[in-house]
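Reviewing the structure listed below.
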Amino acid sequence: MSPLIIISILLILFATFVNVTSILQGKAKPHRTTFFIFVVLNAIAFASLFAQHDRVAIYLALLNGISASIIFLLSLKYGMGGWAPLDIFCLIIALAGIALWKFTSNPVLALYSSIVANFVCLLPTLIKVYYHPKTEVWGFWFIALVSFILNLFAIKTWTFNAVIFPLYLAASNAVVIFLIFRPHNKK
């Protein structure tokens, strides 16, 4: 296993620790729907990458799934959001991604549909952070971002399918970080 993958794994574990600690201290309030769907989508991504015999991005999907599971469980008590229309829409999109893969048995299509669904399920968190930036800690998102970038550098043969998942994860984390630090109008 590449040293970059090992460092990436350790960073995801550390990012999860940072977020769990922040949640328990009341500094972070994860969005319930986002993290529930993250659990489902990382399971899809993991299965898809496994079916494609991926040996790099698969670790991201596995650890992100474990991390999302822990954060989702904590969000039930300490989080925000739940069953708003946007939350339900995101859940339907995620389930459509699962169905699309199941009916086509195409792991590449499953990977793309899980990325699209992942973005849609991130929307409740993006909206939450836009209006309430202090409900997330930037350290969690930044450490994960660094992990995803290291994962990209660990890829030996760059193909679109090999880089799309870690590249998407890095970009989405960068957007959350931007929203946390953007100037706010204080009313």
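For the pair residue 127 and residue 73, label points projected 7 Å from Cα toward Cβ lie 2.9 nm apart.
Span-like helix criteria (full DSSP H runs; alpha carbon extent of at least 27 Å along the helix axis; mean Kyte-Doolittle hydropathy of at least 1.0) are satisfied in the chain by 3-24, 32-51, 57-78, 85-104, 107-131, 160-181. Extending 7 Å from the Cα toward the beta-carbon at both residue 89 and residue 182 defines two label points whose distance is 1.8 nm. For residue 31, the residues whose amide H sits under 5 Å from its own are 80, ignoring neighbours fewer than 5 places away on the same chain, with H placed 1.01 Å from N. Counting lysine pairs in segment 3-181 whose alpha carbons fall under 27 angstrom apart, excluding pairs fewer than 8 residues apart on the same chain, gives 8. Shape class for segment 3-181: oblate, because the ratio a/c of the largest to smallest gyration tensor axis (alpha-carbon atoms, square roots of eigenvalues) is 1.5 or more and b/c is at least a/b. The alpha carbon centroids of segment 142-158 and segment 14-56 are separated by 16 Å.
For segment 7-90, the square roots of the Cα gyration tensor eigenvalues, ordered a ≥ b ≥ c, give a/c of at least 1.5 with a/b no greater than b/c, which places it in the oblate category. Taking only Cα atoms and a 10 Å spring cutoff, compute GNM fluctuations for the chain and point out the largest among 78, 131, 59. Sorting by GNM fluctuation, first place goes to 131. Look at the alpha carbon pairs under 8 Å that are at least 6 residues apart: their mean separation over the length of segment 3-181 gives a relative contact order of 33 percent.
Coordinate-derived values only; no laboratory data. The model shown is predicted, which means the values in this text are computed figures rather than measured ones. A quick note on method: Cβ atoms are made from the backbone with ideal geometry, for glycine too, and the neighbour counts reach across all protein chains shown.
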